[in-house]
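Asker: Have a look at this one.
Values in this text are rule-based calculations from the coordinates and carry no lab data. Quick caveat, the model's predicted, so the values are computed rather than measured. Glycine gets a Cβ as well: all are built from the backbone with ideal geometry, and neighbour counts include every protein chain shown.
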Amino acid sequence: MRYSVRTSNFRYNEWARIEREDKPNGTFRILEMNPPGTSAELYDLRYDKYEINDLADDPRYGRIKKRLSDMLIDIVIGS
């Protein structure tokens with residue numbers, strides 16, 4: 001399952017491996033973020049509104065990637 005966070009300038013995506021919990025409400029539990037074979041994605045929406053140029057591996061965006069990753073994890077774990 002893909003999780004995403006968007007700010008006014010960036011979209012950041014991470015993939016998660018999940019499993020359904022054995023509960024009546026049908027909730028899921030996250031087993032792993034960015035499992036093997038997947039990768040995070042980062043797009044600068046100011047210059048790339050169609051999300052074509054993935055910047056996740058560009059070291060110039062490392063701080064932004066870290067901040068958005070932390071934000072996304074807080075959102076996902078808090079949900």
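Asker: Between F10 and residues 5 or more places away or on another chain, which pairs have amide H atoms under 5 Å apart, with H built 1.01 Å from N, and which residues are they?
Answerer: It is L45, by chain and number.
Asker: List, in order, the whole-Hz ³J(HN,Hα) value for each residue of the range 44-58 obtained from phi through the Karplus relation with A = 6.51, B = -1.76, C = 1.60 and θ = phi - 60°; use x for Gly and Pro.
Answerer: So the J values, rounded to whole Hz, are 8, 6, 5, 10, 9, 5, 9, 6, 9, 9, 6, 9, 4, 9, 7.
Asker: Rounded to the nearest 0.05, what FRET efficiency do R63 and R6 have when you use their Cβ-Cβ distance and R0 = 22 Å?
Answerer: So the FRET efficiency works out to roughly 0.80.
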